[in-house]
Amino acid sequence: MKLIILLALVNFSVHAQRLSAEAVSYQKISADRFWGVDAYENLYYSTDNVLFKFNKEQDSILHKFNDFNLGNLTSVDLINPLKIVLFYQDSNTVVFLDNRLNERNRFSFNQIQPLRTLSQARLAGNRHLWLFNIDTQRIEVFDYIDKETTKQSLPINSNINQFVTSFIKTWVVLTDELRVYDWYANQIKTISKSFDQIAVHKHQVVGLSASGNYFYKEKGKDFIKLSNLKQDSESFYLMNQKLYIYQQNKLSIYKITQKP
């Protein structure tokens, strides 16, 4: 009797972990880069180095921002849609925008001592930024009010394929592993998975393998393959159990659900 119950529990556990991505909708977007969505499902993308905020319901562009003097737009951080952070690696500059894409502040790291050359800049919690300093090969937690580094990691002596952050954590995608760093810039986890890209929302992570397969992970659990989704991606974004995949001027939106 105990054996039967045990087998039933194992069988339930295996089936409970099967996940699928169900198509919800599609959106045509002519963009050089899709950056993501906010909590109101407004879309953010750039074309010819101009950042756009697009409303799906109204089918219209709400706001836009550009400054061609800063060079190519390297990254757009949407973790706080009231304080959007743009990073321009060409000019080593960070720009803060409000929810209407009006500029609120900017500063160049070429004018902040000690001088540092950056490849990454993202919003962190409590008036800080996550930085990756090319000169030292370290992650820095940078206080942008006092203009000083408050914490930094040990050197990362590997090529970084992607740098993804939340307010309190950083995920670094390397060739054959995924490293996680906490608010103190300490490495707290190494995951032996090879991903081309990842997307993170709260405690959820989605990874895209070189074969075009997507894997989903929640806090404290292993990665699970999304059984019915195999699609190339120029970029993708995760928000509230929805996966936004951009490829060839088409944004495909999927809902991640448990599959019976």
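The values are calculated or read from the model by the stated rules, or taken from the named source; none is laboratory data. Note that this is a predicted model, so its numbers are computed, not measured. Note that each Cβ is placed from the backbone with ideal geometry, even for glycine, and that neighbours are counted across all protein chains shown.
Values computed for the structure shown
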| quantity | calculated |
| --- | --- |
| Residue in segment 53-67 that is within 30 Å of GLN258 (Cα to Cα), of a type in the set (Asp, Glu) and in a loop (DSSP other than H, G, I, E, B) present | yes |
| Condition check for GLN120: buried (at least 19 other Cβ atoms within 10 Å of the Cβ), at pLDDT 95 or above and either out of contact with any Lys or Arg (no Cβ under 7 Å at 6 or more places or on another chain) or within 25 Å of GLY36 (Cβ to Cβ) (or both) | yes |
| Number of positions in segment 29-52 that are within 17 Å of LYS250 (Cα to Cα) and at pLDDT below 95 | 3 |
| Number of the exception - SER211 against (1) closer than 29 Å to SER46 by Cα; (2) of a type in the set (Gly, Ala, Ser); (3) part of a strand (DSSP E or B) | (3) |
| Any hit, segment 94-112, residues being modelled with pLDDT of 95 or more, buried (at least 21 other Cβ atoms within 10 Å of the Cβ) and either closer than 23 Å to LEU238 by Cα or not hydrophobic (A, V, I, L, M, F, W, C) (or both) | yes |
| Scan of segment 68-83 for residues that are more than 18 Å from LEU251 (Cα to Cα), under 19 Å from the mean Cα position of the chain (by Cα) and outside any strand (DSSP E or B), ordered by number | ASN72, LEU73, THR74, ILE79, ASN80, PRO81, LEU82, LYS83 |
| The listed residue being of a type in the set (D, E, K, R), in a strand (DSSP E or B), more than 23 Å from VAL24 (Cβ to Cβ) and without any contact (Cβ under 8 Å) to a residue 60 or more places away in the chain, out of LYS193, LYS189, LYS217 | LYS189 |
| VAL180, sole failed condition from (1) assigned to a loop (DSSP other than H, G, I, E, B); (2) closer than 29 Å to ARG127 by Cα | (1) |
